[in-house]
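Derivation of every value follows stated rules applied to the coordinates shown; laboratory data play no part. Predicted model only: the values in this text are computed from it and were never measured. Every residue, glycine among them, receives a Cβ derived from its backbone with ideal geometry; neighbour counts consider all protein chains shown.
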Amino acid sequence: MNDNPSPTVRFTLRENASILIEGSIEMIGPDGNKIETKEKFSLCRCGGSKNKPFCDGSHKANDFSSNPC
Ligand code: FES
């Protein structure tokens, strides 16, 4: 039995919106540097954020749909 289990990290795909991340993670940028995150934050998946990789709410204005069709 593992006495020190890995902490749970949850990724939630929000309908017509971002990916909500909950838990302690380490995010590394393309330059190899760590990107500071909080215990709960959202990643953009609509492509419209001006603060990528984070969601800035632009998915509402660009009418993003998470449905493929
Ligand atoms: S998902 Fe929110 S700005 Fe892209």
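Residue separation of GLU36 and THR12 scaled by 0.36 nm, minus their Cα-Cα distance, works out to 6.7 nm of gained length.
The magnitude of the dipole of the chain, with charges of +1 and -1 set on the Cβ of Lys/Arg and Asp/Glu and taken from the Cα centre, is near 220 debye. Ranking ALA61, VAL9, ILE35 by how far each Cα lies toward the positive end of the dipole of the chain (charges on Cβ) leaves ALA61 at the top. In this entry, the chain is assigned a mean projected area of 6.6 nm², taken as a quarter of its C-alpha convex hull surface.
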